[in-house]
1. Filter region 52-78 for residues that are in a loop (DSSP other than H, G, I, E, B), in contact with a strand residue (DSSP E or B) (Cβ under 6 Å, 6 or more places away or on another chain), farther than 20 Å from Trp142 by Cβ and modelled with pLDDT of 75 or more and give the result.
2. Of all residues in region 267-287, which are in contact with a Gly (Cβ under 7 Å, 6 or more places away or on another chain) and modelled with pLDDT of 95 or more?
3. Contact list please: Cβ distance under 8 Å, first residue in region 316-345 and among the polar types (S, T, N, Q), second residue surrounded by 11 or more Cβ atoms within 10 Å (Cβ to Cβ) and in a helix (DSSP H, G or I), pairs at least six apart or on different chains.
4. Only one residue in Glu381, Glu367 is modelled with pLDDT under 50, among the charged types (D, E, K, R) and part of a loop (DSSP other than H, G, I, E, B). Which one?
5. Which one is farthest from Asp73 (Cα to Cα) among residues in region 314-328 that are in contact with a Leu (Cβ under 7 Å, 6 or more places away or on another chain) and buried (at least 23 other Cβ atoms within 10 Å of the Cβ)?
6. Considering (1) surrounded by fewer than 16 Cβ atoms within 10 Å (Cβ to Cβ); (2) out of contact with any strand residue (DSSP E or B) (no Cβ under 6 Å at 6 or more places or on another chain), say which one Arg279 fails and leave the rest.
7. Would you confirm whether or not region 261-268 contains a residue that is surrounded by 19 or more Cβ atoms within 10 Å (Cβ to Cβ), touching a residue at least 12 places away in the same chain (Cβ under 8 Å) and in contact with a strand residue (DSSP E or B) (Cβ under 9 Å, 6 or more places away or on another chain)?
8. Restricting attention to region 229-246, which residues are touching a strand residue (DSSP E or B) at 6+ places or on another chain (Cβ under 8 Å), at negative phi and not in a loop (DSSP other than H, G, I, E, B)?
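The values are calculated or read from the model by the stated rules, or taken from the named source; none is laboratory data. What you are looking at is a predicted structure, and each value in this text was computed from that prediction instead of being measured. When we count neighbours, we look across all protein chains shown, and the Cβ atoms used for this are built from the backbone with ideal geometry, even at glycine.
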Amino acid sequence: MGRSDGRVRPGRAGAHQGHPGRRPAQRTALLARATTSRAGRGHLRYTPSSVTPHGEDSSSGLTTANGRLVRSDALALARSLPTGEVDLVYLDPPFGTGASRAMLKGRAKTAGGAGDVGPSQTIRDIAYADPLLDPSSQVELWQEVRRILRPGGAFFLHLDWRTVHASKVLLDGIFGADNFLNEIIWHYATGGVPTRWFSRKHDSILYYVSGPGHTFHRLQEKKYLAHKMSRKGVPEYRDERGWYRYRFLDDVWQIPWLTQDSKERTGFPTQKPVALLTRILEACTEPGDLVADFFCGSGTTAVAAIRLGRRWIAGDESERAIEISRGRIEEEERREREADRDRPTKRPAEANTDEVRSSRSSRTEREDGGGLGDGGNASHE
């Protein structure tokens, strides 16, 4: 059984863009209540500031009230965490392209093409090294992930076509094939049209749990209609784009890639949208839960966790990654403080017109009776 309460809850305004509807003061209160409740159930409240990995570069990190940013090797950081204390781990490791990745400057990629390092670039331009990767070299790290997850904790591994298939075989041996719940396809549109194969326009995110008792909140998204359908018992809504219904999310996610003119973009070459991490955390964690990311890159996981009232641990061995993450996290924390000071705690009721909303279910995908593939997610289409 999942740890959700079984009640249907209204959507959070702006969830699709990564901005949960609750005010920061409300999220702070939720965080305090959640951690108190977990302690009451005998669950130790592990403090992110306790992280002390071997070989950590403490001069460039950051510690906040509910999170810790560490410059460290992923395996060393994982080993520094206690057994069974993390609720969710998201890893977005280098994909094994065989080339170092360069920072993106302004609206143009740096010399070398596609973000790869060119001969004229300095060490300052390099975001991280991305050597050819044998997935078996990651087994020890994945075993540590399995160890630090609480019973029923979630593991999301973000990969692409190069290593996803071999990685799944190895992960089945670590987590057990029965604990594999989804291969999530993140589909996006970017430039480039190959002439000898179909365009590769998706990443794969493998979703495992560490046993029974995992958290899962079914999310709904808007589905726009050609016209008003007027089906009995199926609510329909209208906004500036037209008529739409809500439907439960499946395992193919259409979330836009960050364009060159996106305000969210930092210049880190493989930066992921906050909307992607918001969706994962909304679906599979509760306020106050502890989230870890050992390849944090531009810090997107930490930003999403702060906005949603989750505790977090983020690390990367790249100096540029830590530099960018620190700036984003400090800015996010500053906004939280200003919002706590300037905005009222209470807010008027809002209509459910957000892009993605949450429904709480006390049943997991498997217990919904639809098997691993559909989870009983009936969709009005």
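1. Asn66
2. So the first thing to find is which residues in region 267-287 are in contact with a Gly (Cβ under 7 Å, 6 or more places away or on another chain), and the list is 268-271, 274-275, 278, 287.
Val274, Ala275, Thr278, Pro287 - these are the residues of region 267-287 that are in contact with a Gly (Cβ under 7 Å, 6 or more places away or on another chain) and modelled with pLDDT of 95 or more.
3. Listed pairs, sorted by first residue: Ser325/Ala302; Thr345/Ala25; Thr345/Gln26.
4. Working: Glu367 fails: part of a loop (DSSP other than H, G, I, E, B).
Result of the check over Glu381, Glu367: Glu381.
5. Pass one, region 314-328, residues in contact with a Leu (Cβ under 7 Å, 6 or more places away or on another chain): 314-315, 322, 325-326.
With the extra rule that they be buried (at least 23 other Cβ atoms within 10 Å of the Cβ), the set shrinks to 314-315, 322, 325.
Numbers: Ala314: 11, Gly315: 8, Ile322: 12, Ser325: 16 Å.
Among those that are in contact with a Leu (Cβ under 7 Å, 6 or more places away or on another chain) and buried (at least 23 other Cβ atoms within 10 Å of the Cβ), it is Ser325.
6. (1)
7. The answer is yes; a qualifying residue exists.
8. Going through region 229-246, the residues touching a strand residue (DSSP E or B) at 6+ places or on another chain (Cβ under 8 Å) turn out to be 229, 234-238, 241-246.
Restricting the remaining residues to those that are at negative phi gives 229, 234-238, 241, 243-246.
Those that are touching a strand residue (DSSP E or B) at 6+ places or on another chain (Cβ under 8 Å), at negative phi and not in a loop (DSSP other than H, G, I, E, B): Tyr237, Arg238, Trp243, Tyr244, Arg245, Tyr246.
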